[in-house]
Amino acid sequence: MEKSRKPVSVAEAVFRVIEQAGYTGSESVPLAGSYGRILAEPLTATHDVPHFTRSPYDGYAIAAADSAGASGDHRISFTVVDHIGAGEVSQVTIGAFEAVRLMTGAALPAGADAVVMFEQAVEEGRTFTIRKTFAPQENLSLQGEDMTSGELIVPAGSFIHPGTIALLATFGYGQVQAAKRPVVGILSTGTELLEVTAPLEPGKIRNSNGPMIFAQLARMGIPCRIYDTEADQLEACLLTVRKAMEETDCLITTGGVSVGDYDFLPEIYKRLGADVLFNKVAMRPGSVTTVAVAGDTYLFGLSGNPSACFTGFELFVRPALLKMMGADKLYLPRTTAVLAEDIPKANPFTRFIRAVYDGTSVRSAGFNKSNAVSSIARGNSLIVLPGGTRGYAAGDRVDVLLLGVEEGVEEWGL
Ligand code: AMP
Ligand code: MG
């Protein structure tokens with residue numbers, strides 16, 4: 001019999017896990033395929049943006065000095081000497097009381113230092129009048145106002161989101177240096193497990209954890225290898241784990257990690273000589289969650305209970321994989337919200353409750369036992385109730401971890 005397990009706090013468990021993460025290295029990926037990856041190099045402006053001073057409006061480029069003294073009673077007239085759209089450059093240098101009609105995005109012509117918006121002008125054929133004085137640089141989009149050449153814009157380790165893609169495109173990157181994604185395997189264990197499309201049989205259930213983890217990885221942009229489900233048989237399981245270790249950087253198993261008669265993962269870690277980082281966490285659900293390292297493979301032993309499995313992934317697997325990719329924001333974003341209902345149950349250990357957060361308040365997503373599937377489906381967040389607390393009442397403020405947000409935060413902070 002295994003010696004009694006010593007629970008560690010959630011924060012300590014998270015710390016132990018991410019401490020082990022080694023960098024996967026980087027590779028060049030096409031810009032179009034870079035969404036969701038982690039930037040491996042800092043992104044520095046290679047030129048000013050914009051790289052020429054341009055008009056932010058449809059209007060007329062003038063010399064501001066020519067507008068001095070203009071008022072409602074003293075309108076000043078300009079003659080239009082050229083007409084350009086975005087992408088065009090006027091060959092004209094404007095003279096006194098001359099203007100170039102230009103469209104949004106067009107380069108400011110020589111001799112001009114302000115733009116009169118159409119709405120600020122009264123047009124009369126090839127001339128127009130204005131009724132106010134313009135300051136130099138008024139209504140201009142100045143060269144370098146967005147970014148200046150050499151400026152660090154996005155640090156290495158950032159999540160590549162649509163805005164990052166816009167930036168990469170701005171600087172002409174057809175290829176991007178992104179972190180390699182760890183090779184991740186999923187192995188669902190349990191004699192009771194049926195394939196998803198199999199008809200139900202007495203005593204058996206369909207494997208929902210495998211496909212769920214596949215999707216949790218997918219929303220991190222990480223593909224995975226799915227190993228055939230294993231029954232609770234030590235030798236067969238051990239064989240598959242050994243094989244998976246050769247093929248992956250990280251193997252996620254579900255089930256068999258507790259102290260039941262058919263829970264063989266603890267024995268497997270022993271046979272592998274794995275370094276078990278922890279095998280009990282002071283949390284609900286998922287107290288039996290185990291993380292070990294064998295050779296250079298992470299072994300995540302998640303509980304078979306669906307809600308525990310789901311939570312274990314989000315709390316431990318996610319930050320570890322992000323750290324392997326050199327990401328700077330490892331943790332789920334968190335907020336506080338007003339509890340919309342009573343949660344009377346005391347919390348001897350930190351409790352994670354699948355929940356629905358609407359931007360202001362938060363409520364449980366329904367049936368919330370560790371074996372629940374429905375509340376995982378309904379929830380978009382996790383309420384965190386610290387260990388050692390009594391029940392909570394509607395109106396109390398509670399911590400909430402947000403799920404499915406592309407980019408997390410730097411600090412664990414719970
Ligand atoms: P275990 O962690 O193996 O003790 O399993 C705990 C509970 O989760 C049991 O009721 C299992 O039947 C159930 N379970 C285990 N694996 C899965 C799975 N892949 N999908 C859905 N439920 C599972
Ligand atoms: Mg089992």
Nearest 5 percent is fine: what portion of the DSSP beta bridges confined to the chain is antiparallel?
65
Would you work out if the range 290-414 is rounded, prolate or oblate? Take a ≥ b ≥ c from the square roots of the eigenvalues of the alpha-carbon gyration tensor; rounded if a/c is under 1.5, else prolate when a/b is larger than b/c, oblate otherwise.
prolate
Rounded to the nearest 500 deg cm²/dmol, what is the calculated helix-only ellipticity per residue at 222 nm for the chain, with -39500 (n - 2.57) per DSSP H run of length n ≥ 4?
-4500 deg cm²/dmol
Once a ≥ b ≥ c are taken as the square roots of the eigenvalues of the Cα gyration tensor of the range 334-402, is the result rounded (a/c under 1.5), prolate (a/b larger than b/c) or oblate (a/b not larger than b/c)?
oblate
Given the range 59-130, what percent of its DSSP beta bridges are antiparallel, to the nearest 5?
70
Packing-based ranking, highest mean first, of 125-135, 29-39, 374-384 given that Cβ atoms within 10 Å are counted:
374-384, 29-39, 125-135
Per residue, how much accessible surface does the chain expose to a 1.4 Å probe? Answer in Å², no decimals.
46
From the Cα gyration tensor of the range 187-258, with a ≥ b ≥ c the square roots of its eigenvalues, which class applies: rounded if a/c is under 1.5, or else prolate if a/b is larger than b/c, or else oblate?
oblate
The answer for the net charge of residues other than residue 66 whose Cβ lies under 13 angstrom from its Cβ, with Lys and Arg +1 and Asp and Glu -1, is -1
Counting pairs of alpha carbon atoms under 8 Å apart in space and at least six apart in sequence, what relative contact order in percent does the chain give?
17
Determine ³J(HN,Hα), in whole Hz, for all residues of the range 379-393 in sequence, where each value follows from phi through the Karplus function 6.51 cos²θ - 1.76 cosθ + 1.60 and θ = phi - 60°; x replaces Gly and Pro.
x, 10, 6, 10, 6, 10, 10, x, x, x, 10, 7, x, 10, 10
Total lysine pairs under 21 Å (Cα atoms) in the chain, excluding pairs fewer than 8 apart on one chain
11
DSSP-defined beta bridges in the range 316-414 - what % are antiparallel, rounded to 5
90
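I'd like the carbon and sulfur percentage of the solvent accessible area for the chain, probe radius 1.4 Å, heavy atoms only, ligands and nucleic acids excluded. Don't jump to the answer; show the numbers that get you there.
Working: 10060 of 19100 Å².
Carbon plus sulfur share of accessible area: 53 percent.
The values are calculated or read from the model by the stated rules, or taken from the named source; none is laboratory data. All of these numbers come straight from a predicted model, not from anything done at the bench. Because the Cβ atoms are built from the backbone with ideal geometry, glycine has one as well, and the counts that use them run over all protein chains shown. What goes into the accessible areas is simple: the full protein's heavy atoms, side chains included, and nothing from ligands, DNA or RNA. Shrake-Rupley method; radii C 1.70, N 1.55, O 1.52, S 1.80 Å.
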